[in-house]
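Presented below is the structure to which this report refers.
The values are calculated or read from the model by the stated rules, or taken from the named source; none is laboratory data. Keep in mind it's a predicted model, so treat the numbers as computed, not measured. Note that we place each Cβ from the backbone using ideal geometry, even for glycine, and neighbour counts take in every protein chain shown. Only protein heavy atoms, including side chains, enter the accessible area calculation; ligands, DNA and RNA are left aside. Shrake-Rupley method; radii C 1.70, N 1.55, O 1.52, S 1.80 Å.
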Number of protein chains: 2
Amino acid sequence: MADDFLELLVESREAATELGAAPSELRKRGILAIADAIEAQIDEIVAANCEDLERGRATGLAENLQDRLKLDAARVQGLADAARDLAQLPDPIGDVLREFTTDDGLRIAQVRVPFGVIGAIYEARPNVTVDIACICIGTGNAIVTRGGSAAESTNRVLVGLMQRALESVGLPAKSVQTIDPFGREGAGRLMTARGYVDLLVPRGSASLIERVVTESTVPVIETGSGIVHVYVDGSADLEMAREVVLNAKTHRTSVCNAMETVLVDRAIAETAVPMLLAVLVGAGVTMRSDGVEGTESLPDTGWATEYLAMESGIRIVDGVDAAIDHINAFGTHHTDSIVAEDAGVVSRFLQRVDSAVVMHNASTRFTDGGVFGFGAEVGISTQKSHARGPMGLPELTSTKWIVRGDGHVRA
Amino acid sequence: MADDFLELLVESREAATELGAAPSELRKRGILAIADAIEAQIDEIVAANCEDLERGRATGLAENLQDRLKLDAARVQGLADAARDLAQLPDPIGDVLREFTTDDGLRIAQVRVPFGVIGAIYEARPNVTVDIACICIGTGNAIVTRGGSAAESTNRVLVGLMQRALESVGLPAKSVQTIDPFGREGAGRLMTARGYVDLLVPRGSASLIERVVTESTVPVIETGSGIVHVYVDGSADLEMAREVVLNAKTHRTSVCNAMETVLVDRAIAETAVPMLLAVLVGAGVTMRSDGVEGTESLPDTGWATEYLAMESGIRIVDGVDAAIDHINAFGTHHTDSIVAEDAGVVSRFLQRVDSAVVMHNASTRFTDGGVFGFGAEVGISTQKSHARGPMGLPELTSTKWIVRGDGHVRA
């Protein structure tokens with residue numbers, strides 16, 4: 001098995017070399033061929049998915065994971081539509097980022113190139129298989145997926161049809177491969193395949209991401225959980241604060257950019273706290289704190305809790321510096337917002353909160369690749385290296401320096 | 001000790017917050033104060049360095065490491081001069097990389113920000129202590145160094161004087177700290193200090209870098225060894241090839257951008273090989289191959305050898321594709337050059353060789369932050385994530401998205 005595994009990765013590398021050299025137009029045709037193939041095989045995809053779902057129900061897979069696992073005809077159609085949208089996005093490959101000529105006439109340019117081989121590890125989300133494969137083809141990268149045992153039948157069908165679709169337009173089939181047949185051991189080997197895998201993208205639960213980040217020896221993009229805050233400053237427009245907080249918490253609770261804790265400046269706590277409690281409790285949110293009247297107690301994880309539900313922390317803090325300290329201590333460096341009118345306070349918050357996205361007078365729900373105009377959902381990076389915040393196609397590329405001389409030698 | 005170690009990193013984080021918020025002008029003044037302090041304390045630095053050198057000689061430190069370890073008065077002056085040069089470079093912090101307004105009026109900007117806390121692990125090179133500290137102050141980052149036991153006395157003096165210099169201009173002393181007192185265990189803890197260290201930069205031997213890359217759970221920039229090639233194509237101007245190859249191999253042999261293997265197109269081998277052997281052997285280079293007449297045999301590491309000496313491999317290959325395959329298989333993705341006149345061959349080589357820097361008709365010795373105009377030596381990245389090739393100040397920064405609304409909520 002050891003050799004089969006490395007052989008698969010070598011095939012991915014060879015496919016990556018061809019794919020990376022293929023013109024943009026051909027790669028776009030590959031994505032469109034995948035969209036067509038998905039549409040043509042909706043029945044087979046749904047049937048394979050039913051197998052996975054039945055096995056999931058039989059083995060007691062959690063309800064929310066069953067929902068994520070499920071691909072009905074409408075969701076499959078959505079995958080084809082998303083692939084077609086992706087084929088319309090600008091291709092970042094070949095973009096010249098910097099360019100200059102040295103005094104002695106050496107021409108130096110930095111251009112965007114594919115990474116090469118990208119690995120993706122996720123769980124029970126067969127839609128990611130198509131998403132990430134199309135994003136990788138769009139950026140000239142070969143993709144190796146580990147989609148998890150729960151979605152194995154669905155993923156097998158999806159990978160097979162994508163390989164045939166790529167081949168039909170003259171692109172290497174092995175641009176898309178899966179290591180699912182290697183089971184759990186395969187995930188571990190992928191994480192340590194230095195020289196074979198150029199970048200690893202985990203998507204899924206906090207525990208999965210933690211495992212990938214700590215065990216990997218290949219570079220990883222950490223797409224993270226969101227313990228997201230809104231701080232209501234003493235200088236805030238309270239009506240605005242009410243609307244922003246309500247939207248950040250209740251617009252959609254199961255997502256990483258939903259608010260988990262509202263921080264309120266002590267200077268206005270007497271009016272702001274009852275007002276915020278009224279609107280949030282009125283919307284059905286269970287409020288939790290360390291002693292604020294009319295709230296439940298905090299869970300064992302305290303302020304470092306990602307509820308992903310109609311529950312929220314509320315804390316009274318001594319002004320903007322205490323809010324910044326709370327956020328940097330308990331947050332996950334994802335998205336944090338201030339509602340305030342005092343320009344000095346706003347600028348202090350935006351500068352000192354150490355998060356991928358910092359906001360002023362806006363709901364945290366806006367941290368989203370779609371809102372940012374990236375068109376494709378690669379994930380939201382909570383690390384500071386390579387990519388930070390919502391990731392678009394350029395974030396799945398590397399760069400290369402191209403130096404052109406006329407026989408230049410160094411004196 | 002556990003608590004002392006984490007406490008030190010927390011102090012670095014606090015210093016990073018202040019330093020990151022300090023205006024560019026103040027950070028430049030900090031660097032200049034360091035340059036002044038180094039000049040004023042040349043004698044103390046040299047005396048501490050003598051202690052390290054004596055201990056090194058007594059414990060059998062290798063000659064080349066003794067040379068790297070050594071700081072005489074001229075070298076110390078060089079450190080002060082380099083710091084002053086660095087203070088003149090443009091400050092990347094605050095640069096706006098992308099900026100747009102959404103249809104409903106949300107203003108979104110991506111700006112350069114410091115990483116926060118950067119760790120550096122290196123060996124017996126006290127000049128790196130000053131270099132990396134000044135680069136970090138220039139980019140608003142706090143630095144935690146592990147400079148190794150061989151240079152401990154020198155580094156203690158350097159860190160102390162840098163801390164006092166920063167304090168004298170009103171910047172936090174703890175912007176520069178060392179974990180040398182924690183010994184070898186400290187290096188391991190630094191590599192796994194997730195949340196405390198934002199980026200780790202190893203500099204030194206291949207084995208040191210390998211250890212940092214494989215053991216770290218914090219993001220790492222791999223600055224690498226260079227198994228660097230020049231390919232002489234059948235279409236090459238042979239006189240140009242001779243000069244480029246000679247320069248790439250012999251201009252300076254101990255550096256990562258020096259050539260280790262010359263590949264020769266079989267189509268011209270009959271004339272080119274004797275010509276290249278004559279010039280290289282004539283310059284004192286021991287030539288090694290798998291059977292080319294007039295050469296010695298390859299070492300046990302075969303083509304994957306970084307000689308860093310007046311030795312070189314030479315191999316006859318079947319054209320550009322075989323050269324590309326050789327380079328991608330045995331190289332370290334650092335720098336590779338083609339000498340050729342055929343435009344199609346050149347473009348195939350530049351596209352398919354998977355290295356940080358690819359060159360046409362130029363000596364590999366040009367891969368250098370100075371040549372690229374970056375001014376400061378951060379190292380040459382051989383990984384594809386975050387930074388690739390020579391690194392300047394911008395490569396030691398992260399980004400942050402700043403979103404400004406007027407009470408915007410998501411519909």
statement: Only one of (1) surrounded by fewer than 18 Cβ atoms within 10 Å (Cβ to Cβ); (2) in contact (Cβ under 8 Å) with a residue 12 or more places away in the chain does not apply to A:ALA411, and that is (2)
Subset of the stretch B:318-345 that is among the aliphatic types (A, V, I, L, M) and surrounded by fewer than 21 Cβ atoms within 10 Å (Cβ to Cβ) - its residue that is farthest from the chain's Cα centre (by Cα): B:ALA343
- prompt: Taking only pairs six or more apart or across chains, which ones have beta-carbon atoms under 7 Å, a first residue in the stretch A:201-212 that is crowded, with 20+ Cβ neighbours inside 10 Å, and a second residue that is of a type in the set (A, V, I, L, M, F, W, C) and assigned to a helix (DSSP H, G or I)?
  reply: A:PRO202/A:LEU208; A:PRO202/A:ILE209; A:PRO202/A:VAL212; A:ARG203/A:VAL128; A:VAL212/A:MET191
- prompt: What are the residues in the stretch A:324-354 that are in contact with a helix residue (DSSP H, G or I) (Cβ under 7 Å, 6 or more places away or on another chain) and small (Gly, Ala, Ser), if any?
  reply: A:SER337, A:ALA340
field: Residues of the stretch A:189-200 satisfying the condition of being within 14 Å of chain B (Cβ to nearest Cβ) and either among the hydroxyl-bearing types (Ser, Thr, Tyr) or open to solvent by less than 40 Å² (accessible area, probe 1.4 Å) (or both)
entry: A:MET191, A:THR192, A:ALA193, A:TYR196, A:VAL197, A:ASP198, A:LEU199, A:LEU200
message: Go through (1) closer than 30 Å to B:ASP368 by Cα; (2) surrounded by 13 or more Cβ atoms within 10 Å (Cβ to Cβ); (3) hydrophobic (A, V, I, L, M, F, W, C) for A:PHE100 and report which single condition fails.
response: (2)
message: For the condition within 22 Å of A:ILE31 (Cα to Cα), under 21 Å from the mean Cα position of the chain (by Cα) and at pLDDT below 95, what is the one hit in A:VAL144, A:VAL201, A:VAL117, A:VAL176?
response: A:VAL201
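Table: residues versus (1) surrounded by fewer than 16 Cβ atoms within 10 Å (Cβ to Cβ); (2) under 20 Å from the mean Cα position of the chain (by Cα).
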| position | (1), (2) |
| --- | --- |
| B:GLY234 | no, no |
| B:GLU239 | yes, no |
| B:GLU243 | no, no |
| B:THR250 | no, no |
| B:ASN257 | no, yes |
| B:THR271 | yes, no |
| B:ASP300 | yes, no |
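Against the definition (buried (at least 21 other Cβ atoms within 10 Å of the Cβ), touching a residue at least 60 places away in the same chain (Cβ under 8 Å), more than 12 Å from chain A (Cβ to nearest Cβ) and assigned to a loop (DSSP other than H, G, I, E, B)), how does B:LEU158 come out, yes or no?
Numbers: buried (at least 21 other Cβ atoms within 10 Å of the Cβ): yes; touching a residue at least 60 places away in the same chain (Cβ under 8 Å): yes; more than 12 Å from chain A (Cβ to nearest Cβ): yes; assigned to a loop (DSSP other than H, G, I, E, B): no.
Spelling it out, it is not the case that B:LEU158 is buried (at least 21 other Cβ atoms within 10 Å of the Cβ), touching a residue at least 60 places away in the same chain (Cβ under 8 Å), more than 12 Å from chain A (Cβ to nearest Cβ) and assigned to a loop (DSSP other than H, G, I, E, B).
Quick grid of which residues meet (1) open to solvent by less than 30 Å² (accessible area, probe 1.4 Å); (2) touching a Leu at 6+ places or on another chain (Cβ under 6 Å); (3) within 14 Å of another protein chain (Cβ to nearest Cβ):
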| residue | (1), (2), (3) |
| --- | --- |
| A:LEU106 | yes, no, yes |
| A:PRO114 | yes, no, yes |
| A:CYS134 | yes, yes, no |
| A:GLY148 | yes, no, no |
| A:VAL176 | yes, no, no |
| A:GLY186 | yes, no, no |
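For (1) open to solvent by 60 Å² or more (accessible area, probe 1.4 Å); (2) within 14 Å of another protein chain (Cβ to nearest Cβ); (3) closer than 30 Å to A:THR253 by Cβ, each residue gets a yes or a no:
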site	(1), (2), (3)
A:ALA40	yes, no, no
A:ASP52	no, no, yes
A:ALA62	no, no, yes
A:VAL76	no, no, yes
A:PRO92	no, yes, no
A:ASP95	yes, yes, no
A:ILE121	no, no, yes
